[in-house]
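> Sharing a structure with you now.
The values are calculated or read from the model by the stated rules, or taken from the named source; none is laboratory data. Since we're looking at a predicted model, the values are computed, not measured. Here Cβ is always computed from backbone atoms with ideal geometry, including for glycine, and neighbour counts include all displayed protein chains.
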């Protein structure tokens, strides 16, 4: 039976209505996206205007020669700005945005919440004198040749001329009574920064001829160095004697900080339980590996023997470079992750001016850098005037096994590959600027375990020799040692900020559980007082492992490690909770972060 005219008309009307509804939905999403993008761009501009050093590091050189205004008026204005944008972003309905912009919105919201948490809950400008001492971190102007030397020195002079004002503002802004660990560390940092400005900075920027710029720089540099030295003295005289031991956030703030900045809404006690279980398991792995090397010695003695297997001072850089190439080839040949560029990270000695604070580090250009695009993997050598004993102690940290684990973390397939994939992806401005602590450090730490699990350092023969078995066990011990440190950070962070663990108790915890000597153990404990987020190395790693298990179950026979890693790194550096939403089809699993 043919449809009559009325039926045809009705059908046409329904089709037109459906088309209009679809077009209307699409138009609504496009309008909401455009509105959100405008707000995001406005936020980024004002965010970097208040943090120009970060803008320069990102490769946005309209911010060169500028520094943050730390006056009370400026800080109050910044807090008001953050609150306004927090409110404006909250008015967007993620379901009304396109899927991509919905994720982008929540990345930006987490970034704003992080800034608010630091200003409101951690009161960093009122309680933490280190913030002002670190305002003199001008390394970007020395590390990267993004502009002619004269221009960079001109920028340095402009910035240093403002440092005395920043340190005057510190005296006004800081509370009368401050946490003692903060004051102790701020004194060290301020004196170190003063020495850097007096000695290392002038030595690092020689070779330009403009006398006017030279005089302006020398004058600003001298004033800034003296101001930092005076600041350290003021802290020692006025703040240290009456400093308190009160640094803890408390359970409510600690939980809220994780929920807002990393989207991990779990009781700290639950995370601690998981951390303690993992700590015990890693200690057992450490001991089991030691037995394969020498069953007659305690694990710590076995590890000390491993540490004695290291390059000579002359061979350190060549050996690291050779092994780095070997690691890169392993990643590629075993199809662990696609490295989207043949541009290698160059292994170089850490510049002299950074050696006091750096063991090994990855220096990548900012995502918007167009000129100084080289990437450097810095390794700190021994100094020629050190006594032989000091050289030997330093090189133990560069034993062949631990050195490779550090290279995996920093370069392949860790931070450098993450940077390469971010740059090659269609990431938005928000995704390139704002990164999750847990994802960035969690990925690099995850890579250490993943590479050893995937056979790096292990024999390939079905019947390996005794030496090959021992070699594989040494790599496992080195990896477990790094994991133990990060697990101790997680546990100490929670215990210090929610269970009243003292710095002394935390120091002993590191000594007992990751086998550190007293001095480095205390350094780790001190860091935990002002950086509770250093639990994120392990927290991020555990989140990635959980996501991998769930993704593998979802993909079944179609799962591959390379596909998982590529997908993981294709979306910027968001909180891992958002990656679950992007990668898992089963919505009921989105909140199962651990």
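> Is there a residue in the range 311-330 that is closer than 15 Å to residue 375 by Cα, outside any helix (DSSP H, G or I), out of contact with any helix residue (DSSP H, G or I) (no Cβ under 8 Å at 6 or more places or on another chain) and free of Cβ contacts under 8 Å to residues at least 24 places away in the same chain?
Scanning the range 311-330 turns up no residue that is closer than 15 Å to residue 375 by Cα, outside any helix (DSSP H, G or I), out of contact with any helix residue (DSSP H, G or I) (no Cβ under 8 Å at 6 or more places or on another chain) and free of Cβ contacts under 8 Å to residues at least 24 places away in the same chain.
> If you don't mind, another one. State yes or no: is residue 488 under 16 Å from residue 271 (Cα atoms) and surrounded by 16 or more Cβ atoms within 10 Å (Cβ to Cβ)?
In short, yes.
> Inspect all residues belonging to the range 414-427 and state whether any of them is part of a loop (DSSP other than H, G, I, E, B) and over 21 Å from the mean Cα position of the chain (by Cα).
Checked the range 414-427: at least one residue is part of a loop (DSSP other than H, G, I, E, B) and over 21 Å from the mean Cα position of the chain (by Cα).
> So for the range 435-443 (the condition being under 17 Å from residue 537 (Cα atoms) and not in a helix (DSSP H, G or I)), does at least one residue qualify?
Yes, the range 435-443 contains at least one residue that is under 17 Å from residue 537 (Cα atoms) and not in a helix (DSSP H, G or I).
> Can I ask one more? Tally up the residues in the range 163-195 that are outside any helix (DSSP H, G or I) and either within 28 Å of the chain's Cα centre (by Cα) or at positive phi (or both), please.
3
> Considering each of 393, 410, 383, 454 in turn, give the residue that is in contact with a strand residue (DSSP E or B) (Cβ under 9 Å, 6 or more places away or on another chain), in the same structural domain as residue 332 (by TED's automatic domain parsing) and either closer than 20 Å to residue 543 by Cα or surrounded by fewer than 15 Cβ atoms within 10 Å (Cβ to Cβ) (or both).
Matching residue, one of 393, 410, 383, 454: 410.
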